Amino acid sequence: MCTGCGRGNQEDMTPDIALVLAVLGVTILLFVTEALRVDVIAITIMVALPWLGLIQPAEAFSGLASNAVVAVIAVMIVSHGLDRSGVVRRITRPVLQVAGSSERKIVAMFSAAAAVVSALMQNIGAAALLLPALLRVSKKTRIPTERLLMPMGFVAILGGTLTLVGSGPLIILNDLLGQAGQSPYGLFSVTPIGLALVAGGILYFLIMGRRVLPKHAVQAGDAPESPQHEMIETWQLPDTMRRCVIPTGSRLAGMSREEAGLWKTYRLHVLSLAQDRDVVHAPWRFTRFSKGQELRLLGDEADFKRFVADYALTATTPSRARLAGPESARFAELVIPPRSPVAGKTMRRLALRNTHGVEPIILLSGKQQHRSDFSDIPLGVGDVIVAYGPAENLLAAGDNRKFALLTPIDPPEGASARKPLRAVLCAAVAVVLALSGAHLSVALFSGALAMILLKVMTMDDAYKAVDWRTVFLLAGLIPLGMAMDKTGGAEFIASGMMRLPHGGHPLVILTGVAILATFFSLFMSNVAATVLLVPLVVAIGQSSGISPRALALLVAVAASNSFMLPTHQVNALLMGPGGYRNRDYVRAGSIMSVLFIVIAVGLIHSFYL
């Protein structure tokens, strides 16, 4: 099999070329029609190629170990560490002070920042640094993520054209020109084109954003439900905290919660006790009530009123407070993981209130849900406890071998000054290593590993941070580019299209070169596309009288024109968090691609020929 692996005449259609072009056509059709999920499409292509004999099995799965895929995995881990440590919250605060809730200001500020960072490092790293901050801004302003992430991602890609070290194709351009006997470009030779592309991209979204960005988001005015709202709805929890004070003469003073029958008689949970400025969360069952304490209780209004009447308590005004707000105390789900030391123990023996300061509300054991007294029920692996308490207590409960915290909780403000500093240091090390010439995947994974070793996050957190759909989308399409290159299919397409504009106007030739580079960048590595096309366009330039250097520069620039499908690393990274579909990229990316070609071709024709 793989008869074309030896690459016959580039003008001849071999069986392997025909087969790989058929696979390419099916891939395009599946992406456009969204007949399958994008990761399923990519995995299907990855498995089909060796069965068809177009590449070897080892080559089919080599994408999983590619620099691009490994870098994306590391980027996800580093981004999660920055968010989890509280760094992102500190970054977004001044941004929101300047931009407020204006969608256009936020888009412009983050897009400009992405472009600047992309000029110095690869755009996937720039997008990764800004992604957590933009997600938090979306949450704070209630602007849908769909309307913020794509503009930032597109401009991050465009920012790679600001300098000759901003993207892979531009980095290798001078080497290819040297091999062809052409003089090299300077570091900032491409900057005028990059500035025009970045400005065009930002203006495109500021003017056309409302028309081209997805509209399947939360409508204006409809606040998205918070995780607390979702938990209250899912578990059918009471959503109101009721408060009362123990006055002088109440017989409740001196009693414990069990002696008062707070649960058995009144079905009330004690969330906290407050006196003066002291607050005790989830008081232990042996804790004694005292005069002047304020009790904060969870339960039905009728039971609360009966309890207040029986013990001659004073209901605090207001006596009700909603539990789904942004306060530091909240509901959370704790699961018993495998090999947990608490498996087999009862809640009474575990003393969850005393050891962790959280109030157990519900126990889900197997298919049975316990809402009454479950103090003496042995806990098993996989059991879920719905608890209520301060964020720091819940995080501490989930940060050990006893429990795993299922509910995402942000660290409270000022919880730890050292963890954000460690997170920033790890991210900075990754960036410095990348800028110093280290392999991007090695540099980023070094930063990710440092976050784990310095306990910014756990290894389990790192695994959870990886979006495997994005990983397999990229890993599955890399072998398609290899098959196109190995069989000669890419060269067949390129040589065929390059013959068409001969003798035509320079603008026609430039446009044809830009379109061809754009097409290849959608389905194969933009570096591979540049390596393939630069020798061809140099030959065309020499035969047509058009500057070969200008044509080569256009190829390297247009190799970044990858917006119409989520096949670029940045697009793939943002697809999950933004909830994008293929059609979203087609709609917004097709216009962006045309704008890119118009700007790049126009400037090269005017100033570089």
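The values are calculated or read from the model by the stated rules, or taken from the named source; none is laboratory data. For clarity, every value in this text was computed on a predicted model and none was experimentally measured. Virtual Cβ from ideal backbone geometry, glycine too; neighbours counted across all protein chains shown. Heads up: the accessible areas ignore ligands, DNA and RNA and are worked out on the full protein's heavy atoms, side chains in. Shrake-Rupley method; radii C 1.70, N 1.55, O 1.52, S 1.80 Å.
Please give the helix 15-33 orientation as an angle from the longest Cα principal axis of the chain, in degrees from 0 to 90, rounded to the nearest 10.
So the inclination is approximately 40 degrees.
So if R0 is 51 Å, what FRET efficiency would residue 421 and residue 312 give, r being the distance between their Cβ atoms, rounded to the nearest 0.05? Before the final figure, lay out each step's value.
On the way: r = 52 Å, r/R0 = 1.02.
E between residue 421 and residue 312, to the nearest 0.05, is 0.45.
Quick one: angle between helix 123-141 and the longest Cα principal axis of the chain, in degrees between 0 and 90, rounded to 10, please.
Relative to the chain, helix 123-141 is tipped by roughly 40 degrees.
Using 0.36 nm per residue of separation minus the Cα-Cα distance, give me the extension gain between residue 233 and residue 40 in nm, one decimal.
Difference between extended and current length: 66.2 nm.
If you roll a 1.4 Å probe over the heavy atoms of the protein chains, what accessible area per residue do you get for the stretch 426-533, in Å²?
In whole numbers, the stretch 426-533 has 40 Å² accessible per residue.
Could you report the stretch 40-159's accessible area per residue, 1.4 Å probe, as an integer in Å²?
Heavy-atom SASA per residue in the stretch 40-159 reads 35 Å².
For the pair residue 449 and residue 349, what calculated FRET efficiency results from E = 1/(1 + (r/R0)^6), where r is the Cβ-Cβ distance and R0 = 45 Å, to the nearest 0.05?
Working: r = 38 Å, r/R0 = 0.85.
Between residue 349 and residue 449 the formula returns 0.75.
Pulled fully out, how much extra length does the chain show between residue 277 and residue 97, if you take 0.36 nm times their separation in residues and subtract their Cα-Cα distance?
Working: separation 180, 0.36 × 180 = 64.80 nm, distance 3.13 nm.
Contour length minus the Cα-Cα distance gives 61.7 nm.
Find out how many positive minus negative residues lie around residue 55, taking Lys and Arg as positive, Asp and Glu as negative, among other residues whose Cβ is under 12 Å from that of residue 55.
-2
So which of 345/464; 367/464; 105/215; 291/367; 140/367; 305/345 end up more than 31 Å apart by C-alpha?
291/367; 140/367; 305/345, as the Cα separations exceed 31 Å there.
Hey, can you find the accessible area per residue of the stretch 232-303 for me, probe 1.4 Å, expressed in square angstrom?
Per residue, the stretch 232-303 has an accessible area of 51 Å².
Based on Cα coordinates alone, diagonalise the gyration tensor for the chain, multiply each eigenvalue by 5, take square roots, and list the semi-axes in whole Å, largest first.
Over the Cα atoms of the chain, the semi-axes work out to 59, 25, 20 Å.
Where does helix 468-487 land angle-wise versus the long Cα axis of the chain, in degrees 0 to 90, nearest 10?
10 degrees
Give the carbon-plus-sulfur fraction of the accessible surface of the chain in %, rounded to a whole number; probe 1.4 Å, heavy atoms of protein chains only.
Roughly 60 percent, rounded to a whole number.
Estimate the FRET efficiency between residue 286 and residue 364 by the formula 1/(1 + (r/R0)^6), using the beta-carbon distance for r and 41 Å for R0, to the nearest 0.05.
0.95
Evaluate the distance, in nm, between pseudo-label points positioned 7 Å from the Cα of residue 377 and of residue 265 along their respective Cα→Cβ axes.
Modelled inter-label distance: 2.5 nm.
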